[in-house]
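*Asks:* Have a look at this one.
The values are calculated or read from the model by the stated rules, or taken from the named source; none is laboratory data. Values in this document were obtained by computation on a predicted structure and should not be read as measured data. Positions of Cβ are backbone-derived with ideal geometry, glycine not excepted, and every protein chain shown enters the neighbour counts. To get the accessible areas, we keep the full protein, side chains included, count just its heavy atoms, and leave off ligands, DNA and RNA. Shrake-Rupley method; radii C 1.70, N 1.55, O 1.52, S 1.80 Å.
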Amino acid sequence: MNVRRLFSIIALVAAASLAHAEPPKTAEAQVVKIVKPEPVAEVKIDTVLSVIRVNVTNQPWDFGKPWGKRAPYSRRAIGAVLPGNRVLVTAELVGNANYVEFETAGGGQKVPAAVDTVDYESNLALLKTDDPDFLKALKPLDIAASAVGDLLSVWQLESNGNLLVTKGAFTTAEVSRYPIDDVTFLIYRVTAPLQFRDSSFTLPVVRDGKLTGIVMRYDTNTNNADLIPAPVIQHFLKDAAGRPYAGFPRAGMAFSITRDPQFRRFLGLSGTGLGGIYVNDLVAGGPAEKAGMQKGDIVLKVDGQAVDQDANYLDPEYGRIAVSHLFSTRHYDGDTVTFTVARKGVTLEIPVKLAHRDVQSYVVEPYVFDRAPRFYVLGGLVLQELSRQYLKEWGNDWMKKAPEHFVYFDRQQAELFQKGPKKIVFLSRVLPSAATVGYEDLHTLVVKRINGVELQSLDDVPGALEKASDGLHKVEFDGDPTSIYLDAREIAEEAPALMKKYRLPALQRLE
């Protein structure tokens, strides 16, 4: 889907590569009757004092050929100017960026820019420029939350620099999936008939002259726009003011709803009038496990807020929404939240110190941006570490089209790999060479050992290759074939020719 062809707001383009399915509804959202949006209004350029065009050249790495990059492409967006000479956009806009620049609303004046802080989970980024005067004429936007039923204004720019304002009703507040598949935060949903305009990949949304959201995705069929709302933006900015950037916290647990009457009976919840959710998994070494929570605990309250059987709580501002909003957005990294749980008939108060989870701590990393993929070419065998970014080489429908066992590893990694490995090393493909004769068709096989050394990550490969036996490297797979042998001397001698033949800049990248 081409950004220029589709209403390129649109995170539907970028989000399609990052989020591929609507999440199950975990929250009863606060909803109002949709009102007819007001007509679009055009405002003269002399009133455009709070936004600026942002032009980005992006070039992602090719995870199918990890030594190289894909062709570059460009995106244009509208950034919201904030205090401190910073500009707010979505993280999707600047992911894998080679070059970023600011451009005045009317065009003609441009200046190089850079990413100051980026958070791909909350899909937000702060940009800056070294030119102290470029943003001086612009009025920074304050930030304010909105209430369901408010009329919001989506700002776009005409080619002549005039501001195009489309008003729409704020109809729904709920916790929903963000572009990174496993991440959910609060969203505002607005109904507005947005028009196609250039520079529309990121759009600010304003109420009473204050920034209340950033458009994250837009559905042209329903005219519904999902916004990254003010509370998430304010959390991001508060974290960004500190160094190092902390990120949004997590409790490190997974749970099931308890709506099923038989399940509630089994848990002893029938007739109690209690809600409660069932803890079915804990991240090893995560905040909840460290605090003493256990699988099978029933969470009744979080910070004194009752949790119902659908994992919702009654938020004073947004009604019934998912309880994850309490510890992901209302709290910060390092905050302590009290969980009230039932365990074998006993009610316990368990304080949990929330913490952000580093993306590189995952066995299968959920995203890889602004970093080159690691690889090792062994005589033509291309070894990599499994990531969801690699799986997305199969396109938007990667969950169905990518190798089934790899998708299974990704979706069930919390349960499967509690005792290791740190990363899954696999053979992605074979570059035919004299050393790999007969092995050309091998691909997508998990590599368990090299020369008897159990691989925890690609970092173990160089040491393992020092332990060749009788001049041969033995590579063992978790699959068919179970093992193959490579001539160590032949691999070393053919390495320069292999690099020249396949135009490889290097045979390994392990940093």
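*Asks:* Among the listed residues Leu152, Leu186, Leu135, which satisfies the condition of being open to solvent by less than 10 Å² (accessible area, probe 1.4 Å) and either among the basic types (Lys, Arg) or over 30 Å from Ala311 (Cα atoms) (or both)?
*Replies:* On the way: Leu152 fails: either among the basic types (Lys, Arg) or over 30 Å from Ala311 (Cα atoms) (or both); Leu186 fails: either among the basic types (Lys, Arg) or over 30 Å from Ala311 (Cα atoms) (or both).
The unique qualifying residue is Leu135.
*Asks:* Identify, by number, the condition in (1) out of contact with any helix residue (DSSP H, G or I) (no Cβ under 9 Å at 6 or more places or on another chain); (2) at negative phi; (3) open to solvent by less than 30 Å² (accessible area, probe 1.4 Å) that Arg197 doesn't meet.
*Replies:* Going through (1) out of contact with any helix residue (DSSP H, G or I) (no Cβ under 9 Å at 6 or more places or on another chain); (2) at negative phi; (3) open to solvent by less than 30 Å² (accessible area, probe 1.4 Å) one by one, Arg197 breaks only (3).
*Asks:* Please state which one of Ile228, Ile257, Ile214 is in contact (Cβ under 8 Å) with a residue 60 or more places away in the chain, farther than 17 Å from Ala355 by Cβ and open to solvent by 60 Å² or more (accessible area, probe 1.4 Å).
*Replies:* Values: Ile228 fails: open to solvent by 60 Å² or more (accessible area, probe 1.4 Å); Ile214 fails: open to solvent by 60 Å² or more (accessible area, probe 1.4 Å).
The match here is Ile257.
*Asks:* If the requirement is being open to solvent by 20 Å² or more (accessible area, probe 1.4 Å) and touching a strand residue (DSSP E or B) at 6+ places or on another chain (Cβ under 9 Å), which of these qualifies: His331, His325? Lay out the reasoning, then the answer.
*Replies:* On the way: His325 fails: open to solvent by 20 Å² or more (accessible area, probe 1.4 Å).
Unique residue meeting the criteria: His331.
*Asks:* Report yes if some residue within segment 415-424 is part of a loop (DSSP other than H, G, I, E, B), basic (Lys, Arg) and open to solvent by less than 50 Å² (accessible area, probe 1.4 Å); otherwise report no. Talk me through it step by step, then tell me what you get.
*Replies:* Filtering segment 415-424 down to residues part of a loop (DSSP other than H, G, I, E, B) leaves 417-424.
Right, trim to basic (Lys, Arg) and you get 419, 422-423.
Those still in the list that are open to solvent by less than 50 Å² (accessible area, probe 1.4 Å) too: 423.
Yes.
*Asks:* Under the condition of being part of a loop (DSSP other than H, G, I, E, B) and modelled with pLDDT of 90 or more, which residue from segment 250-274 is nearest to Thr329 (Cα to Cα)?
*Replies:* Taking segment 250-274 first, the residues part of a loop (DSSP other than H, G, I, E, B) are 251-252, 257-260, 268-274.
Still in the running and modelled with pLDDT of 90 or more: 251-252, 257-260.
Details: Ala251: 12, Gly252: 15, Ile257: 21, Thr258: 24, Arg259: 26, Asp260: 29 Å.
Across segment 250-274, the extreme among qualifying residues is Ala251.
*Asks:* In the list Gly286, Gly292, which residue meets the criterion of being more than 30 Å from Ala147 (Cβ to Cβ) and surrounded by fewer than 15 Cβ atoms within 10 Å (Cβ to Cβ)? Break it down into steps so the answer makes sense when it comes.
*Replies:* Values: Gly286 fails: surrounded by fewer than 15 Cβ atoms within 10 Å (Cβ to Cβ).
None of the others qualify; the one that does is Gly292.
*Asks:* Would you call Glu101 part of a loop (DSSP other than H, G, I, E, B), modelled with pLDDT of 95 or more and not β-branched (Val, Ile, Thr)?
*Replies:* Numbers: part of a loop (DSSP other than H, G, I, E, B): no; modelled with pLDDT of 95 or more: yes; not β-branched (Val, Ile, Thr): yes.
For Glu101, the condition - part of a loop (DSSP other than H, G, I, E, B), modelled with pLDDT of 95 or more and not β-branched (Val, Ile, Thr) - is not met.
*Asks:* While we're on this one: Where in segment 300-407 are there strands (runs of 3 or more DSSP E), lying fully within it, with 3 or more residues that are in contact with a Pro (Cβ under 9 Å, 6 or more places away or on another chain) and in contact (Cβ under 8 Å) with a residue 40 or more places away in the chain? Spell out how you get there, then give the answer.
*Replies:* Details: elements: 312-315, 319-322, 336-343, 346-353, 375-378, 381-385.
Where strands (runs of 3 or more DSSP E) fall fully within segment 300-407 and carry at least 3 residues being in contact with a Pro (Cβ under 9 Å, 6 or more places away or on another chain) and in contact (Cβ under 8 Å) with a residue 40 or more places away in the chain, they are 381-385.
*Asks:* Another question, then. Can you report the number of residues in segment 302-356 which are basic (Lys, Arg) and under 15 Å from Gly252 (Cβ atoms)?
*Replies:* Just the residues of segment 302-356 that are basic (Lys, Arg), to begin with: 320, 330, 343-344, 353.
After this cut, where a residue has to be under 15 Å from Gly252 (Cβ atoms) as well, the list is 353.
The total comes to 1.
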